[in-house]
Amino acid sequence: MTDLTRRAFTSLLAGGLTAAVLPKPVFAATRVDLAAAPGKARLVPDGYPETAIWGFDGQVPGPIIRVRQGEPVSRRFLNRLTQPSTVHWHGVRIDNAMDGVPDLTQSPVAAGDAFQYDFRVPDAGTYWYHPHTRSFEQVARGLYGALIVEEPEGAPEVDRDEVLLIDDWRLTETAQIADGFDNIHDWAHAGRIGNWITVNGDGRWRTTVARNARLRLRLVNVANARVFGLATPGLDGWVVALDGMPLDAPQPLDSLVLAPAQRADLIVDVTAEDGKEAALVSQDRDGAFKIATFAVDGETRAERLAAPKALPANPVAALGQLSSARKVDLLMEGGAMGGMRGAMMGGRMMGIQEMAQAGKIWAFNGMADMPREPFVAADRGETIQIAMTNDTAWPHAMHLHGHHFRQVTSGGSLGPLRDTLLVERGDTAEIAFVADNPGDWLLHCHMLEHSAGGMMTWIRVA
Ligand code: C2O
Ligand code: CU
Ligand code: CU
């Protein structure tokens, strides 16, 4: 208790007031506002200026919103940008009116306006929030934050719980965010790939840990388009959840691929020696480099703890018989080296040149705009199975709103619950889910340039 509250407490008692009027403790979850606003961030240290960003509450990342499972989240969103915005609560099986999709679930929030978001979070796990208007620009400028939903009980014991939001920025030589958000070359290729990686808005993220300490690391890929291949030298453990949802059993952690918008919850023990460093390492074609450092100082315990149990399952409806599922196909086409000649746009067939001039370069089932009719109109409770065929030269991170799905392999086995699935070029990935959340829900690529460029459709659940 600070002096100030101690004084207030004493004077209330002195005034003879009853306990009922004592102020309630203020938790982060009871904060009332969340503003999208310009700000400054120290993304690049040493000798560089700060970077002008857009962030929630003017920060990168935005504030961590932490609630218990089933508790309400209530935020008045204030748009202090100069363009319309919204907040989408990624991965939350949310009430449709709160999903933050402009012109589908709400009107865009004009510059200077506000919107009240009120919802409950049915599932424990690691989620995140970001705008859904010009997200290829707004997310790239730093508008994102974590939404952490704690297990009310049954969470494994850990010494530390760290949220690590991994981003990829395209910066100029003076460490400012490069323009060119609508660069058609990026849109038609892998998307806006950057040149500076941060963890929690810091290009040199670092912490101190003790040997044999147990950490829960909540990794979130908030980059527009970069797929991270991650390794954790000096940290040994398990993947316990993907996209917020607990795995049936913890999987031994080897390396990990995290596509845009995907999350992984890890439980790891610090196995690096005292005085050494453990790290989170990003590995790709350009080589391997450290994006987060865990300097080891001292020892928490002499031996490692026993393997963790699975996290308690979330209340997601089990898939029924897939033989009776409604089966639909989604053909992904377009992009550079894809050979697409044209697609439907604005109600007529357009050639690829004309499409590109209008900023569309991809199509789902031959349509480049958001279709007026849903791709699937499901009855509530119906099981839907979608075969997504990637007939392009690029991988795509396919994301469904309002539901989690499982991948169905050709042998018929089921993958873990996810909300975003990476579909490699040339592959067909089948997903299945129970359409039990009523409303209109997007299905799109989370490479944000790809969705803006045509990879966006929607389903309706009656
Ligand atoms: Cu992370 Cu449609 O969104
Ligand atoms: Cu989403
Ligand atoms: Cu894509």
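A compact table of results
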{"quantity": "Low-density loop positions, trypsin sites (Lys or Arg not before Pro), region 278-308 - DSSP coil, at most 13 other Cβ in 10 Å", "calculated": "R285, R301"}
{"quantity": "Antiparallel DSSP beta bridges within region 322-461, as percent of all bridges there, nearest 5", "calculated": "75 percent"}
{"quantity": "Positive-end residue of M398, A36, L311, charge dipole of the chain with Cβ unit charges", "calculated": "A36"}
{"quantity": "Nearest-20 debye value, region 367-462 charge dipole, Cβ charges on Lys, Arg, Asp, Glu", "calculated": "120 debye"}
{"quantity": "Net length gained if the chain between T409 and D159 were fully extended (0.36 nm per residue, minus Cα distance)", "calculated": "86.3 nm"}
{"quantity": "Relative contact order (percent, whole number), the chain, Cα cutoff 8 Å, 6+ residue spacing", "calculated": "13 percent"}
{"quantity": "Most positive-pole-ward Cα, A432, S451, A387, against dipole of region 335-462 from beta carbon charges", "calculated": "S451"}
{"quantity": "FRET E, pair E151, D254, Förster distance 35 Å, beta-carbon r, rounded to 0.05", "calculated": "0.90"}
{"quantity": "FRET efficiency for K276 and E373, using Cβ-Cβ distance with R0 set to 60 Å, rounded to 0.05", "calculated": "0.55"}
{"quantity": "DSSP-assigned coil residues among chymotrypsin sites (Phe, Trp or Tyr not before Pro) in region 350-405, each with at most 13 further Cβ atoms within 10 Å", "calculated": "none"}
{"quantity": "Peptide ranges 428-435, 444-451 listed from the most packed, as the mean C-beta count within 10 angstrom indicates", "calculated": "444-451, 428-435"}
{"quantity": "Neighbourhood charge, 14 Å Cβ-Cβ cut-off, centred on W458 and excluding it, Lys, Arg +1 and Asp, Glu -1", "calculated": "-3"}
{"quantity": "Whether the chain is rounded, prolate or oblate, judged on the alpha carbon gyration tensor where a/c under 1.5 counts as rounded", "calculated": "rounded"}
{"quantity": "D118-R326 pseudo-label distance in nm [points 7 Å out on the Cα-to-Cβ vector]", "calculated": "3.2 nm"}
{"quantity": "Centre separation in Å (Cα based) which lies between region 439-462 and region 187-247", "calculated": "25 Å"}
{"quantity": "Percentage relative contact order, region 322-461, counting C-alpha pairs under 8 Å, at least six apart", "calculated": "29 percent"}
{"quantity": "Length released on extending from R68 to T207, taking residue separation times 0.36 nm less the Cα-Cα span", "calculated": "47.4 nm"}
{"quantity": "Net charge dipole size for the chain [Lys, Arg +1 and Asp, Glu -1 on Cβ; Debye, nearest 20]", "calculated": "700 debye"}
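Bear in mind that the values in this text are calculations on the coordinates, not laboratory data. A quick note: this is a predicted structure, and the numbers were derived from the prediction, not measured. Every residue, glycine among them, receives a Cβ derived from its backbone with ideal geometry; neighbour counts consider all protein chains shown.
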